[in-house]
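Everything below concerns the one structure shown next.
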Amino acid sequence: MLLCAFLLSYRSWVARPKSLSRFYMSYFILLIPVLTIYGILTSIGALWYDPQQIIGLKIGAIPVENILYFLALFLMNVGLYDDFKNRKRRVAKQGDLN
């Protein structure tokens, strides 16, 4: 959860991407299949959560930790993509100036 909080604060205040609102919309859309798959895996017994290892807050059968973990993973991927894309633009502009 600390990683998720750090990434959200960094991307929101330090990096300030223009596409953060699209990121949140994509996250909530992608959360539907993620929750569905986790729900199916939990219901058939392929996935089991130890009650002593989780906070206890759940959405359906899925702990909140999994939802925040997915947010952190998705935010890292989108953030790296944005950073690489911006770096490529800067290099291209420097090449045009020379």
Report task. Pop out the ³J(HN,Hα) list for the range 38-55 in order, Karplus 6.51 cos²θ - 1.76 cosθ + 1.60 with θ = phi - 60°, rounded to Hz; leave Gly and Pro as x. Result -> 4, x, 5, 4, 6, 5, 8, x, 6, 10, 9, 10, 6, x, 7, 9, 10, 5
Query raised in the report: How much of the accessible area of the chain, probe 1.4 Å, is carbon plus sulfur, in whole percent?
Result: 65
Query - Largest to smallest principal axis extent of the C-alpha atoms in the range 35-77, angstrom - result: 30, 22, 15
Requested in this report: Using the 2.2 N^0.38 Å rule of thumb for compact globular proteins, work out how the chain stacks up: its C-alpha Rg over that value, please.
Outcome: 1.41
Query raised in the report: Among 85-94, 3-12, what's the highest-first ranking by average C-beta atoms within 10 angstrom per residue?
Result: 3-12, 85-94
Report task. Enumerate the amide H contacts of I59 below 5 Å, restricted to partners 5 or more residues apart or on another chain; note that Pro and chain-start residues carry no placed amide H. Result -> V64
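The values are calculated or read from the model by the stated rules, or taken from the named source; none is laboratory data. Every value quoted in this text rests on a predicted model; they were computed, and no experiment measured them. So basically every Cβ, Gly included, is an ideal-geometry build from the backbone, and we count neighbours across all protein chains shown. Only protein heavy atoms, including side chains, enter the accessible area calculation; ligands, DNA and RNA are left aside. Shrake-Rupley method; radii C 1.70, N 1.55, O 1.52, S 1.80 Å.
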